[in-house]
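The block underneath contains the structure these notes are about, expressed in structure tokens.
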Amino acid sequence: MRLEEKIMMLRKQKGLSQEELAYELNVSRQAVSKWEMGTATPDLDKIISMSELFNVSTDYLLKEDESVTENDNSEYTRRISKNEASDYINAVKKSAINIAIGVMLCVFSPIGLILLACIAEEPNVGLSDELAACFGLLLLFSCIISAVALFIFSGMSLSKYAYIDKEPILLANDAKKYVAESKESYSKSYITYITIGVVMCIFSVIPLIVVSCLELHDMVIISCVCLMLAIIGVATLLFVKNGNYYEAHTKLLRDNKEHFEKKQKDSGLQVFSSVFWLLTTALYLGISFLTNRWDISWLVWPIAGLIYAAIYVILESIYKSKRN
């Protein structure tokens with residue numbers, strides 16, 4: 001394989017256009033085009049730059065007897081350099097914060113609606129059920145819209161790294177060492193944050209259980225429900241933010257075969273999750289509007305959560321048994 005063929009092959013494997021490669025090497029697009037057509041030869045400093053960019057040796061680029069074709073080693077269509085791995089991890093770190101805030105807003109979204117519905121039931125407040133529902137729904141949809149905007153923004157910011165999830169990859173040795181060390185140094189923090197999140201979830205139900213046993217005023221009980229949702233929302237933020245960042249390291253260090261088997265399983269579970277929670281939302285709104293009992297219709301969510309967990313475990317067991 002000649003030099004021009006190798007440049008074209010490596011550029012395509014890297015997912016770069018001629019213009020993007022030219023930008024990386026600080027040359028014109030026409031220069032790259034001439035290299036790939038074989039009508040010009042890159043200078044030695046550009047050869048060295050390409051060897052670093054594509055994570056190959058200069059000998060590989062210059063020696064024509066290394067007849068590696070584009071189909072050879074096809075299992076690894078993407079080679080990830082240390083800089084590329086670092087950029088991806090940093091991008092995920094920033095994106096994870098936005099996604100975590102979005103998920104937290106989704107958990108927070110019914111709090112205003114529940115509180116206002118309860119306040120409207122109080123005598124001498126002067127707040128009608130219709131007005132409470134109107135303002136409550138306004139708060140709910142404001143949270144949901146903000147969350148969706150954060151999800152879209154985060155997805156777009158990571159779109160250029162989509163190949164890491166969709167294609168087989170091979171890390172350069174220095175990249176693998178960097179990612180492994182980064183994952184190891186973050187492991188303690190990850191375990192700490194997840195532990196805090198779990199403790200918060202367990203603690204969140206305690207005030208509600210206590211006030212329910214004491215048979216206190218409905219307003220106190222509803223306030224404890226809102227407190228429970230607030231605590232769970234913060235715990236969810238910890239789960240999502242730290243989980244996504246930790247998962248980025250695992251994804252780079254993965255075994256490609258296991259990754260795509262897991263991805264196939266997860267795609268089916270994601271479809272189930274989307275359909276289940278859309279139906280749950282429709283059921284919650286339907287019950288709430290028909291009965292106008294926003295103060296108790298929130299029970300749909302914890303019940304749905306228990307049903308979801310049970311079905312999810314069953315489906316995961318089925319996928320696991322099929323794979324084995």
- Task: Would you calculate a helix-derived [θ] at 222 nm for the chain, using -39,500 (n - 2.57) for each DSSP H run of n ≥ 4 and dividing by the full residue count, to the nearest 500?
- Result: -27000 deg cm²/dmol
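Rank-order 4-14, 155-165 by packing density, defined as the average count of other C-beta atoms within 10 Å over each peptide's residues, highest first.
4-14, 155-165
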- Message: So I have (i) 26.8, 90; (ii) 23.4, 79; (iii) 33.4, 116, and one of them is Rg and Dmax of the Cα atoms in Å calculated from this model. Which one is it?
- Response: (i)
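Assign one of three labels to the range 99-205, namely rounded, prolate or oblate, based on the Cα gyration tensor with a ≥ b ≥ c the square roots of its eigenvalues; rounded applies when a/c is under 1.5, prolate when it is not and a/b is larger than b/c, and oblate otherwise.
oblate
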- Message: Considering only protein heavy atoms and a probe of 1.4 Å, how much of the accessible area of the chain is carbon and sulfur, as a whole percent?
- Response: 62
- Task: Using only Cα atoms, tell me the angle between helix 256-291 and the longest principal axis of the chain; keep it within 0 to 90° and round to the nearest 10.
- Result: 30
- Message: To the nearest 20 Debye, how big is the dipole of the range 98-187 about its Cα centre, given +1 on the beta carbon of each Lys and Arg and -1 on that of each Asp and Glu?
- Response: 540
- Item | C-alpha long axis of helix 3-14 to longest principal axis of the chain, angle in ° | 0
- Tell me the label-point distance for the pair S86, S57, using the 7 Å Cα-to-Cβ offset, in nm and rounded to one decimal. 2.5
- Note on the structure: Quick calc, L315 & K94: beta-carbon distance into FRET formula, R0 45 Å, rounding 0.05, result 0.90
- For the range 93-140, build the convex hull from the C-alpha positions and give me its volume per residue in Å³. 55
- Roughly how many Å² is the accessible area per residue of the range 158-219, as a whole number, for a 1.4 Å probe? 65
- When Lys and Arg each count +1 and Asp and Glu each count -1, what net charge do the other residues less than 10 Å away from Y163, Cβ to Cβ, add up to? +2
- May I ask for the distance between the Cα centers of the range 1-36 and the range 145-203, given as a whole number of Å? 31
- Which entries of K14/K188; K14/K63; K63/K251; K63/K160; K34/K251; K34/K177 show an alpha-carbon separation above 25 angstrom in the structure shown? K14/K188; K63/K251; K63/K160; K34/K251; K34/K177
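The values are calculated or read from the model by the stated rules, or taken from the named source; none is laboratory data. Given the structure is predicted, the values throughout are model-derived calculations rather than measurements. Here the Cβ is made from the backbone with ideal geometry for all residues, glycine too, and neighbour counts use every protein chain on show. What goes into the accessible areas is simple: the full protein's heavy atoms, side chains included, and nothing from ligands, DNA or RNA. Shrake-Rupley method; radii C 1.70, N 1.55, O 1.52, S 1.80 Å.
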